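What follows is a single structure, written as structure tokens, with notes after it.
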Amino acid sequence: MKTKIKNFFHKRTIISLVIVIVLASITGYFGAQFYIDKFMIEVVAVTESEERVRDNASKILSENAGKTPDQISPTNNFIIAEYNLNKEKSVKKITQGKVNASGITQGLYAEKILSNGEYYSMKISSGLVSLATRLYYTNGDNKVGYYEGSSIKETSATFPSTPTKELTLEEYKEMYGSSITYFVNYIVSSNTVESEEYLGQNELGNYEFKLKLDNAFSVMNYSYEIKTTSGSAKLPKFESVEITFEIDENFRLLKLSVKEQYQVSIKQLGNMYMTTTGELTDTFEYDGNFEIPRS
């Protein structure tokens, strides 16, 4: 499976790059840009099913029962930690970071809370393009309450008292790529990890690891969130994704830091693609009486 997926992607990428180079030499930069817009999007907007890309988390958990994190591969540690995260009843995640596109810096801030079966998500992108949204969803519902913010600051915005609109679960997934119940943007599996490293235990006794992910299948969901939060009309093209993460002895995910590079389409520049680098950090809290904001 892994070999077939990567061989397919590798072959398509090589063909694409060759055509870009040829077009650039014949028609200049804008000819190549046209090809990127019309064809290469298919390479990144992968249609392989998420289920086939992921591993069987229950099987991995069973195979590694009784082991400590330093006895398990970094990839499997992440899979186990994400499996445990999805079983939690009370979670709060704070995301902070920034992206830079050719000298233009965009700040990113997000909150996500699960409490009493209800999910709350706030996303803020501030800078050249400023966007703010709040979303509410309760387990079992078929709608997501969507609120658009105004008076946007780095970590806050003003939101209306009634929803701007309601999204079906399918509409939400089209905008953000994955289910609203997910707390991790990336798909980490034996099919998406290109290299892994155990970094050791830190001063708190927690375990730290590093993973280099592929540029297609690991971001097959996340690409849609970047498109939405950046206000772009097109999906980004990833060039590198590296994550470091920290877990405790109970395989609870405590921190997830990401360094990534991709090409993003900038609407204000005629939808031309710009090289973008991002650094983001998620921090997780559990078992708290987390209050979901209502105003």
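Coordinate-derived values only; no laboratory data. Just so it is clear, the structure is predicted and the values come from calculations on it, not from any experiment. Using ideal geometry, Cβ is built from the backbone for each residue, glycine included, and neighbour counts are taken over all protein chains shown.
Below is a table of values for the structure above.
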quantity	calculated
Condition met for Ile80 (within 25 Å of Lys153 (Cβ to Cβ), in contact with a Phe, Trp or Tyr (Cβ under 6 Å, 6 or more places away or on another chain), hydrophobic (A, V, I, L, M, F, W, C) and not in a loop (DSSP other than H, G, I, E, B))	no
So Ile124, is it in a loop (DSSP other than H, G, I, E, B) and either closer than 30 Å to Glu194 by Cα or β-branched (Val, Ile, Thr) (or both)	no
Identity of the residue in the stretch 46-58, surrounded by 16 or more Cβ atoms within 10 Å (Cβ to Cβ) and not charged (D, E, K, R), that ends up nearest to Ser265 (Cα to Cα)	Val46
Filter result for the condition that a residue is more than 19 Å from Leu167 (Cβ to Cβ), touching a Pro at 6+ places or on another chain (Cβ under 6 Å) and surrounded by fewer than 23 Cβ atoms within 10 Å (Cβ to Cβ), over Glu203, Glu208, Glu196	Glu196
Residue list for the stretch 245-275, filter: among the β-branched types (Val, Ile, Thr) and more than 28 Å from Leu235 (Cα to Cα)	Ile247
The stretch 246-263 - residue that is in a strand (DSSP E or B) and touching a helix residue (DSSP H, G or I) at 6+ places or on another chain (Cβ under 6 Å) and, of those, nearest to Lys210 (Cα to Cα)	Ile247
Count of residues meeting criterion [touching a residue at least 40 places away in the same chain (Cβ under 8 Å) and buried (at least 21 other Cβ atoms within 10 Å of the Cβ)] in the stretch 123-132	2
Selection within the stretch 155-206 - among the charged types (D, E, K, R) and in a loop (DSSP other than H, G, I, E, B)	Glu203
Residue within the stretch 59-69 that is in contact with a Phe, Trp or Tyr (Cβ under 9 Å, 6 or more places away or on another chain), touching a residue at least 24 places away in the same chain (Cβ under 8 Å), closer than 30 Å to Thr276 by Cβ and surrounded by 19 or more Cβ atoms within 10 Å (Cβ to Cβ) present	no
Residue check, Glu154 touching a residue at least 12 places away in the same chain (Cβ under 8 Å), surrounded by fewer than 16 Cβ atoms within 10 Å (Cβ to Cβ), among the charged types (D, E, K, R) and under 23 Å from Asn289 (Cα atoms)	no
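For (1) touching an Asp or Glu at 6+ places or on another chain (Cβ under 8 Å); (2) within 18 Å of Lys112 (Cβ to Cβ), each residue gets a yes or a no:
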residue	(1), (2)
Leu256	yes, yes
Gln268	no, no
Met272	no, no
Glu291	no, yes
